[in-house]
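Following: one structure in structure tokens, then a few remarks.
Bear in mind that the values in this text are calculations on the coordinates, not laboratory data. Everything quoted here is computed from the prediction, not taken from an experiment. Positions of Cβ are backbone-derived with ideal geometry, glycine not excepted, and every protein chain shown enters the neighbour counts.
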Amino acid sequence: MTVRAIDVADYILQKHGAMSAMKLQKLVYYAQAWHLVWEDKELFSEEIQAWANGPVVPYLYSLHHGSFSLSPGFFKGDASSLTPKNKDVIDRVLKFYGDKDAQWLSDLTHMEEPWKIARVGLADGERGSSVISTESMSEYYSSI
């Protein structure tokens, strides 16, 4: 079964409870990053872009645009599509990053290479839609 970003997002919301859309976007990003490192493959196939406030999955954004706070079940995803290994990666991401606020997570992504590489040529705060490559994510996070 193929895992979609909405499945990951809803699993995170189920495990952690309601949160801001910005925080959820960062947690979905970190779930993808660490899945690439620990499982050597993508968790989901939707692209992640380097927006001004950090990494964003545009497809998720298209669904939650206009909503500040998101609650479990918001995306109507299917958490049962996640394997035990998928869930373990996400659970570890939540254990480490889950208590951080959205701004802290955004600031952290701005200090990390995958976002910086995708933002080359853009000023701080400038809109952009460059894709953060899974290669740059895998390379960077496997080195820290």
Checklist entry - Quick one: which of VAL89, VAL93, VAL56, VAL8 is within 14 Å of the chain's Cα centre (by Cα) and without any contact (Cβ under 8 Å) to a residue 40 or more places away in the chain? => result VAL56
Checklist entry - Quick one: in the range 18-43, which of the residues that are among the basic types (Lys, Arg) and touching a residue at least 60 places away in the same chain (Cβ under 8 Å) is surrounded by the most Cβ atoms within 10 Å (Cβ to Cβ)? => result LYS26
Checklist outcome for this item: Cβ pairs under 6 Å, 6+ apart or interchain, first in the range 102-121 and over 17 Å from SER142 (Cβ atoms), second of a type outside the set (Phe, Trp, Tyr) and part of a helix (DSSP H, G or I), ordered by first then second residue, are ALA102/MET22; ALA102/LYS23; LEU105/LYS26
Item to check | Where LYS23 falls short, out of the listed (1) of a type in the set (Lys, Arg); (2) over 18 Å from GLY98 (Cβ atoms); (3) not in a loop (DSSP other than H, G, I, E, B) | outcome: (2)
Checklist outcome for this item: Note on the range 122-144: residues touching a residue at least 40 places away in the same chain (Cβ under 8 Å), under 25 Å from SER62 (Cβ atoms) and in contact with a helix residue (DSSP H, G or I) (Cβ under 8 Å, 6 or more places away or on another chain) are GLY128, SER129, SER130, VAL131, ILE132, THR134, MET137
Next on the checklist: Of the conditions (1) within 19 Å of HIS35 (Cβ to Cβ); (2) touching a residue at least 24 places away in the same chain (Cβ under 8 Å); (3) not hydrophobic (A, V, I, L, M, F, W, C), LYS76 satisfies every one except a single condition; which number is it?
Outcome noted: (1)
